[in-house]
Each structure stands twice: as C-alpha cells, then as structure tokens.
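Working notes, beginning with the structure itself.
The values are calculated or read from the model by the stated rules, or taken from the named source; none is laboratory data. Fair warning: this is a prediction, and the values are worked out from it, not measured in the lab. Here the Cβ positions follow ideal geometry from the backbone for every residue, glycine too, while neighbour counts run over all protein chains shown.
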Amino acid sequence: MAVVDVSEELKSLTSTLESVEAVLDLDKLRSEIAVLEEHAAAPSLWDDPDNAQQVTSRLAMLQGQVRKTEELRSRIDDLEVMFELAESENDADTKAEALAELESLRRSIAELEVRTLLSGEYDSREAMVSIRAEAGGVDAADFAEQLQRMYLRWAERKGYPTEVLDTSYAEEAGIKSTTFSVRVPYAYGTLSVEQGTHRLVRISPFDNQGRRQTSFAGVEVLPVVEQTDHIDIPENEIRIDVFRSSGPGGQSVNTTDSAVRMTHLPTGIVVSCQNEKSQLQNRAAAMRVLQARLLAHRRAEEQAKMDALKGDGGNSWGSQMRSYVLQPYQMVKDLRTDHETGNPQGVLDGDIDDFLEAGIRWRKQQEQEEQG
C-alpha cells in the first residue's frame, strides 16, 4: 500500500469516527455517567436490587461506549506515528505490523458505526434466541443444532456470556428446538436481523444413497424483558406442567421431575425449560422466556394495528432469509442484503459479523425508505 493510500485511509477513518462521536454525543454520555456514578455510590443503592441492577448495568454500558471511542481515537493517533516511523526507517516489519493494525482498526470503527444504527426501542437489550427444526427431517434437526453452535461460538469469540435455557433433542440426531440468552447490551439489536428461516443444501450424511437434501430451521430473536416493561401475568392465566429432563437420544438426564413446561392460556404460548438442576430454577427461567414471548406478542399486535392504519402488510420476518449451500458448490448468501461468502464452514463456526453488519445496514435503509 502506498503512503498516499495510507494517509487517505487514516483520514477516512478519522472522519468516520468523528461522525460516530457526533451520533453518540460523548458530552451527553459523560454527563449521564456522572449522574449514574452518584447513584451507584449511594449507600442505599442495593435497598432496591432491581433498580440497582439497572443503574449499574447502564453505567457499565455507557462507560464501555465512551472508553471504546476514546481507545479508537488513540489507536488512530498511534497508527499515524507507526507509519511515519516505518517510512523514515524503511522498516518492513513495522510497516507490516502497521498495515495489520490498520485493518483491525477499520473493522473496529465499522463495528462501532453499526452500533450507532441500533436505535430501536429494544435494541439495547439482551437477547433471547430460539431455534427450531422445520422441514427436512433429521437433516433439519442437525441443521438447527449447527445454528445453535454458530451463534454460541459467535458469542464465545466476543466474550459475551450465554445461558442455554432449554434444548429438546431429536431422536436420531440434532435438536428439535432450543432457547438460549445472550447476556450483553445490544445483543437484541444485533441479532434480531437473524430472525427468519435459514436453509441448508448439502449431501445428507443421514442418507445412505448420498442424495442432496434441502432442510430448514427457523430462528426467533426476542428482547429480554426488563422491569419497566410491565409484563404482569396473573397466576390463573398460566398452566404449569413438570416432567423429566431428557438428553440426546431420549436418555434421561435427571431422575427427578425438574423440567417445567409453562402454558399461557389466553394466547396459547408454550415455553419449557429443563437445563437447570432444580424445578424452581427452571420455573424462573421459563417465566423469563414467557415474558419475552408475551412482550413480542404485544409488539406484534401493536404493529398489526399500525400496519392496518397505514394500509399495508408490514414487514414479514417469517420468510426465508439465508441459504447455506455446501453442495454442489460452497456459498452462504443472505437473500435480503445479497451479502455472500464462499466459506460456509467459517460462517457455521461463528464468523457472522459481516452478515450481521449487512443486515443491520439493510434494516436501517428499509426503515428510512418507509419513513421517506
């Protein structure tokens, strides 16, 4: 890369970072941090644990945003010095190191820029992800398990904590369904673009004639419910059934009836949780999932009313959104954004950042076109 290209690249990255800083409004964030730090230092903070959790979580999130922005600004300054040093001393190793840092910086600033596009009502929430096997028999169950692994590996790479709340195993291989949470701010806004039907095309390892098989799995992403959502569920609207937890191949994992199935009678929504050891823990986890589903149900009803007023059908998330083709060629393609890659194994191993970014930008563009 020529020096002039590096100079232009650094200028472009500086400009992008300045626009991100303007959107974030760092002065406003610092003011809010100062207020939250006062609340966090109050001796009575933990008298109300729910409020304390909200204060400390919000404080940590804002501090992280400001710190990350300041670090990026510092890295741009350091990189300029590094390139100047490499040029003046004609040091190939330093130049190679600087080019690698340039690429890393480009990705980090792009990620932060995408974060500024997450401005929806629930985008800053943690996420509850459910995956279910659809058409395709045992291949679909195997595909559903691959998708679960893909998202969990993505979260693991980022250092995001996850919690698997329920897994229903298929008889031969794979899973019928699973629900897990990604417990980090903005997980919902980031992962919500994954909602829809995913399609896998490959030579089936379960077909003794080696035929190509197409299978489908559905992904649902919900925001985790917070205290301010007022999702109150009267006890007489819930039926709770307990059953024995089971593992792969139908084997019994727990000898006690600790798994919980919760049915919300007015809506017919059913959730279950069997991954905790005690019935009490499973009930609490199932309640969290049910509240998230009811919040989504309420939002869907409100959206339907808005769509009726607007006279259109609104956005349908249930449609096919991504294809993973392993045979006769190798490709993963997003059917909404047209973003694609020839490395499906990398994607299934958790390398989905480019797809998430393309999806978030696509969604923002759709929203702007609707408003326009």
*Would you say residue 342 is within 22 Å of residue 167 (Cα to Cα) and modelled with pLDDT of 90 or more?*
no
*Out of the residues in region 96-121 that are of a type in the set (Val, Ile, Thr) and buried (at least 19 other Cβ atoms within 10 Å of the Cβ), state the one that is farthest from residue 188 (Cα to Cα).*
109
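Residues to consider are 81, 129, 66, 55; find the one that is surrounded by 14 or more Cβ atoms within 10 Å (Cβ to Cβ), of a type in the set (A, V, I, L, M, F, W, C) and without any contact (Cβ under 8 Å) to a residue 40 or more places away in the chain.
Going through 81, 129, 66, 55 in turn, the sole match is 55.
Give 89, 38 a once-over and let me know the one that is at pLDDT 90 or above and either small (Gly, Ala, Ser) or on the phi < 0 side of the Ramachandran plot (or both).
38
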_For a quick check of your reading: which strands (runs of 3 or more DSSP E) sit entirely within region 132-221 and have at least 3 residues that are small (Gly, Ala, Ser) and assigned by TED's automatic domain parsing to the domain that holds residue 348?_
none
*Sort out which residues of region 321-372 are in contact with a Phe, Trp or Tyr (Cβ under 7 Å, 6 or more places away or on another chain), aliphatic (A, V, I, L, M) and part of a loop (DSSP other than H, G, I, E, B), and write them in order of number.*
352
*Among 164, 182, which is touching a strand residue (DSSP E or B) at 6+ places or on another chain (Cβ under 6 Å), among the β-branched types (Val, Ile, Thr) and surrounded by 23 or more Cβ atoms within 10 Å (Cβ to Cβ)?*
182
*asked:* Just checking, does region 48-71 include any residue being under 30 Å from residue 6 (Cα atoms) and either hydrophobic (A, V, I, L, M, F, W, C) or outside the structural domain of residue 107 (by TED's automatic domain parsing) (or both)?
replied: yes
